[in-house]
Amino acid sequence: MAYMDTVMIKNASKGIVISEAARLCTSRASKIRGLMFSQPKDLVFAFKEEQPISLHMLFVFFPIDVVFLNSEMRVTGLRKGAMPFASLIRGHGKYVLELRAGTIARTKVGVGDGVEIRVSANAYPEHI
């Protein structure tokens with residue numbers, strides 16, 4: 001199971017970088033695996049269309065922050081500090097950001113904020 005591109009995530013509404021090196025997950029296998037049995041890292045899940053999304057924290061050994069984005073790349077939901085093994089996270093969106101715990105507070109992400117996801121400073125990935 002391989003991750004796709006490494007991407008930068010920016011809160012476009014506030015001009016704050018959320019993550020300089022998140023991994024883009026577009027394959028079914030990468031979405032199923034997520035952060036299970038891994039070290040803390042930032043992930044972006046990209047779906048073909050907006051949909052209800054449920055995430056679990058089984059075999060994730062550290063807390064995370066979760067951000068749901070709609071097809072316009074606007075924040076529709078947040079979950080701060082989802083705890084290992086104990087959390088079920090539900091939201092709706094086309095994209096999900098799984099971030100190190102504390103990232104939402106540190107980067108001041110809020111519902112309604114616009115978010116940019118870039119493979120590099122000059123190009124957007126075709127599937128985002």
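Return the residue satisfying two criteria in turn: it lies in segment 45-71 and is among the β-branched types (Val, Ile, Thr) and within 16 Å of GLY91 (Cα to Cα), and of such residues it is modelled with the highest pLDDT.
The initial filter retains those residues of segment 45-71 that are among the β-branched types (Val, Ile, Thr), namely 53, 60, 64, 66-67.
In the following step, the residues that additionally are within 16 Å of GLY91 (Cα to Cα) were identified as 53, 64, 66-67.
Numbers: ILE53: 89, ILE64: 90, VAL66: 94, VAL67: 98.
Only one residue tops the list, namely VAL67.
Does MET36 fit the bill of being under 18 Å from GLU116 (Cα atoms), at pLDDT below 80 and of a type outside the set (Ser, Thr, Tyr)? Even if it seems obvious, please write down each step before you answer.
Numbers: under 18 Å from GLU116 (Cα atoms): no; at pLDDT below 80: yes; of a type outside the set (Ser, Thr, Tyr): yes.
It is false that MET36 is under 18 Å from GLU116 (Cα atoms), at pLDDT below 80 and of a type outside the set (Ser, Thr, Tyr).
So which pairs qualify, if the first residue must be in segment 13-39 and more than 17 Å from PRO84 (Cα to Cα), the second must be exposed (fewer than 11 other Cβ atoms within 10 Å of the Cβ) and modelled with pLDDT of 70 or more, the Cβ gap must be under 8 Å, and the two must be at least 6 apart or on different chains?
If the second residue must be exposed (fewer than 11 other Cβ atoms within 10 Å of the Cβ) and modelled with pLDDT of 70 or more, the pairs left are SER13/GLY112.
THR107 fails exactly one of the following numbered conditions: (1) of a type in the set (S, T, N, Q); (2) over 16 Å from ILE18 (Cα atoms); (3) at pLDDT 80 or above. What is the number of that condition?
Every listed condition holds for THR107 apart from (2).
Can you name the residue in segment 80-95 that is assigned to a strand (DSSP E or B), modelled with pLDDT under 95 and out of contact with any Ser or Thr (no Cβ under 8 Å at 6 or more places or on another chain) and is also surrounded by the fewest Cβ atoms within 10 Å (Cβ to Cβ) among such residues?
GLY81
What tally of residues in segment 96-109 results from selecting those that are surrounded by 13 or more Cβ atoms within 10 Å (Cβ to Cβ) and in a loop (DSSP other than H, G, I, E, B)?
3
Kindly provide the set of residues from segment 52-79 that are over 18 Å from GLN39 (Cα atoms), buried (at least 17 other Cβ atoms within 10 Å of the Cβ) and in contact (Cβ under 8 Å) with a residue 40 or more places away in the chain, ordered by number.
ILE53, VAL67, LEU69, VAL75
Mind checking which residues of segment 80-102 are of a type in the set (Ser, Thr, Tyr) and touching a Lys or Arg at 6+ places or on another chain (Cβ under 9 Å)?
Taking segment 80-102 and keeping what is of a type in the set (Ser, Thr, Tyr), we get 87, 95.
SER87 - this is the single residue of segment 80-102 that is of a type in the set (Ser, Thr, Tyr) and touching a Lys or Arg at 6+ places or on another chain (Cβ under 9 Å).
Of all the residues that make up segment 39-51, how many are surrounded by 14 or more Cβ atoms within 10 Å (Cβ to Cβ) and not aromatic (Phe, Trp, Tyr)? Step through it out loud before you land on a result.
Pass one, segment 39-51, residues surrounded by 14 or more Cβ atoms within 10 Å (Cβ to Cβ): 40-47, 50.
When the remaining residues are screened for being not aromatic (Phe, Trp, Tyr), the result is 40-44, 46, 50.
Matching residues across segment 39-51 total 7.
The values are calculated or read from the model by the stated rules, or taken from the named source; none is laboratory data. Given the structure is predicted, the values throughout are model-derived calculations rather than measurements. Backbone-built Cβ (ideal geometry, glycine too); neighbour counts: all protein chains shown.
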